[in-house]
Amino acid sequence: MTSIYRTLVTAIISVGFAGIAFAGSVDKVIITIDKTVEHATDSPRPSKRPGKAVQAPSGDMDNHFIRSDEYFASLRPVKGGGASDVLIAKMLQPASDATKGEAQFMDSHKGTEFWTRTFWKTRPATAEDLKLGAMVIYWGRYAKDRVYYAPRHEKEARNVPWKLSKITDVSDLFKGEVTVAGNKKISVDSIRVIME
């Protein structure tokens, strides 16, 4: 139903309900409204935003869609306090004395090349890794019920910067959540730790 027709139908129904409200009982009006709302929300058109399916990792990807030869790297020096953005990247040239300790990387999303000293190999966290003060990396997008969850497919994992932060509270670990700097709740299944 187009918006013009929907507006006309709504206006006609409203005028009709106004007359009924003055003449009849309130219970009848409420029942009629409920039925009208149910009928009006049914639509033959498909949703513009269908639910997203969870993709299974393939090949040498782990459950966060990170490949074994990929790193997390920061374009800027990491500062204390809140979360810092980190990117999934491939190493093009390792750090050496000739490069002043910087390694060259290529961002896996945009393909841009950059040099940095701040990069890490990571792995999905285990229960033993989730301790107060631990530095962790988590996917920094979609919060559901104010909790950040793991990416559902490879495109999500690569199109959004991840966050590097410190665990500040583990009291909700029994719920499968920890709190990181900035008072952000993170689902345990979305956390990565830096490999030594």
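Throughout, read-outs are computed from the coordinates displayed, never taken from laboratory work. What you see is a predicted model; the values in this text were computed from it and never measured. Using ideal geometry, Cβ is built from the backbone for each residue, glycine included, and neighbour counts are taken over all protein chains shown.
Plainly put, the stretch 120-196 has a radius of gyration that is 0.93 times its Kirkwood radius, both from alpha-carbon atoms, as the Rg/Rh ratio. Among the listed pairs K79/K175; K100/K131; K100/K184; K110/K185; K100/K163; K100/K155, those with a Cα-Cα distance over 31 Å are K100/K131; K100/K184; K100/K155. Rounded to the nearest 0.05, the FRET efficiency derived from the C-beta distance between S96 and S171 at R0 = 45 Å is 0.55. Compared with the direct C-alpha span, the chain from M195 to R6 gains 62.2 nm at full extension, assuming 0.36 nm per residue. Cross-link reach is defined here as a Cα-Cα straight distance under 18 Å, omitting same-chain residues fewer than 8 places apart; for K144 the aspartates and glutamates meeting it are E156, D172, E177, D189.
Placing unit charges on the Cβ atoms only, positive for Lys and Arg and negative for Asp and Glu, gives the stretch 70-194 a dipole magnitude near 240 debye about its Cα centre. Across the options G133, P161, S190, the greatest Cα extent toward the positive end of the charge dipole of the stretch 90-196 (unit charges at beta carbon of Lys, Arg, Asp, Glu) belongs to P161.
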